[in-house]
Amino acid sequence: MTLAIQAEALSKTYKGQVKAVENVSFAVEAGEAYGFLGPNGAGKTTTVAMLTAGLVPTAGHAVVDGVDVIREPSTLKKRIGIVFQESTADSDLTGRENLSLAAALFNVPRRDAAGRIDSLLERMQIGEAADRLAKTYSGGMRRRLELAVGIIHSPKVLFLDEPTLGLDPQGRAGFWRYVEQLRKDHGMTVFITTHYLEEADNICDRIAIIDRGHIVATGSPSELKDRLGGDVVTVRPTRPEPTLEATLRAIPGVSSVGSAEGAYRVKAANGEKLVPALVDACTRAGVGLATVSLKRPSLDEVFLEFTGREYREDDAVSATDRAVRIGQVQQAFGRARR
Ligand SMILES: Nc1ncnc2c1ncn2[C@@H]1O[C@H](COP(=O)(O)OP(=O)(O)OP(=O)(O)O)[C@@H](O)[C@H]1O
Ligand SMILES: [Mg+2]
């Protein structure tokens, strides 16, 4: 097993004593797509910044593609690819010019650059717009250009910090298709943070859920969902009936019953099969049913289970995040911040 990323006890405390990341360890195998999920302020961007030598850890260390991120930051920056949410492409240059600039910055040999740029432009479907200024591009085209810029030097490890934020579902699906293709063709390792849980579910081989600077769960999407103990059937009776909870719990196949706000959350390996028995139990208890709903385990449920909070998509952008990202972009070729 070759490790592409190895983080050991990484911590970051910002000035002002914000403990953004505390004692975070994980390993990503070469070729894996690894997702980092967590609510706003969980420490995702901070972790990416430490792994890409944009930020010096307060403690711990990390090795990415065989390079120590603290000891050899400039070697690392030349090797990895990064795509931030904040656009790093220059709007006043054309798509092709942006790629040429990136190729030069990353020391792509001149004899290879032109061919590589042409093929990337074609692959990312920006060929026709290649010689137009990037400021005339749609959001999706810009994202694809950013991706092309991020991989111009054929990095073995690509970091994507919420790369699809603000794209419509089609744009997001398109973006991930390109990433998938790159993984297939080059066996690239991809480290992803995203607020779109179903994206992580579709793309990631493994996921870490981070909350308040700590990793609270790791596993493949299906392992994480399995840990929830199956489907959840929510039964909402028309009126409170104190005996109902025990009655539901006694039904064969039910693994647990919880109640909140006048509804019962019934967990079972196969929720669908159980619905008739649940309805029957309510009828026998003499209560009507307002609603019955079945939820298959999803990463939303996993998120709720491990963080104790509902996942909300409108959490997606935070001010600190913007500041950190802009800082990272500015620092991309400079010294890491402390
Ligand atoms: N430059 C900074 N100075 C002080 N505190 C910071 C700085 N950058 C981030 N933080 C704080 O560190 C914590 C983690 O922030 P980080 O940006 O890593 O979270 P995130 O998981 O990327 O969040 P989001 O989902 O909003 O992007 C937050 O409490 C944030 O306020
Ligand atoms: Mg962030």
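Laboratory data are not the source of any read-out in this text; all were calculated from the coordinates shown. Owing to the predicted nature of the structure, the values given are computational and were not obtained by experimental measurement. Positions of Cβ are backbone-derived with ideal geometry, glycine not excepted, and every protein chain shown enters the neighbour counts.
Mind checking the range 1-39 for trypsin sites (Lys or Arg not before Pro) that DSSP puts in a loop (not H, G, I, E or B) and that have at most 15 other Cβ atoms within 10 Å? Those satisfying the criteria are Lys15. In loop segments of the range 86-138 as defined by DSSP, the trypsin sites (Lys or Arg not before Pro) with at most 15 further C-beta atoms inside 10 Å of their C-beta are Arg132. Note on the chain: Cα convex hull, mean projected area over all directions, 19.8 nm². The dipole here belongs to the range 229-296: it is taken about the Cα centre, uses +1 on the Cβ of Lys and Arg and -1 on the Cβ of Asp and Glu, and is about 100 debye.
Excluding same-chain neighbours fewer than eight residues apart, the lysines reachable from Lys44 by a Cα-Cα span under 18 Å are Lys12, Lys15, Lys19.
Rounded to the nearest 10 degrees, the angle from helix 169-186 to the longest Cα principal axis of the chain is 60 degrees. Phi angles across the range 188-194 convert, under the Karplus curve 6.51 cos²θ - 1.76 cosθ + 1.60 with θ = phi - 60°, into 3J(HN,Hα) values of 5, 8, 10, 10, 10, 10, 8 Hz, Gly and Pro given as x.
With both residues required to sit in the chain, DSSP beta bridges show an antiparallel share near 70%. Shown in residue order for the range 278-290 are the 3J(HN,Hα) couplings computed by the Karplus curve 6.51 cos²θ - 1.76 cosθ + 1.60 at θ = phi - 60°: 5, 4, 4, 4, 5, 4, 5, 7, x, 10, x, 10, 6 Hz (x for Gly and Pro). For the range 260-273, backbone phi angles converted through the Karplus equation (6.51, -1.76, 1.60; θ = phi - 60°) give residue-by-residue couplings of 7, 6, x, 10, 10, 9, 9, 9, 7, 4, 10, x, 4, 4 Hz, Gly and Pro being listed as x. Only Lys, Arg, Asp and Glu carry charge here, each on its Cβ (+1 for the first two, -1 for the last two); on that basis the chain has a dipole of about 640 debye about its Cα centre.
For the range 122-140 versus the range 152-221, the inter-centroid distance based on Cα atoms is 22 Å.
Averaging 1/r over each pair of different alpha-carbon atoms in the range 229-296 and inverting the result gives 11.5 Å, the Kirkwood hydrodynamic radius. For the range 194-303, GluC sites (Glu not before Pro) are listed when DSSP marks them as loop and at most 15 other Cβ atoms sit within 10 Å of their Cβ; the list is Glu261.
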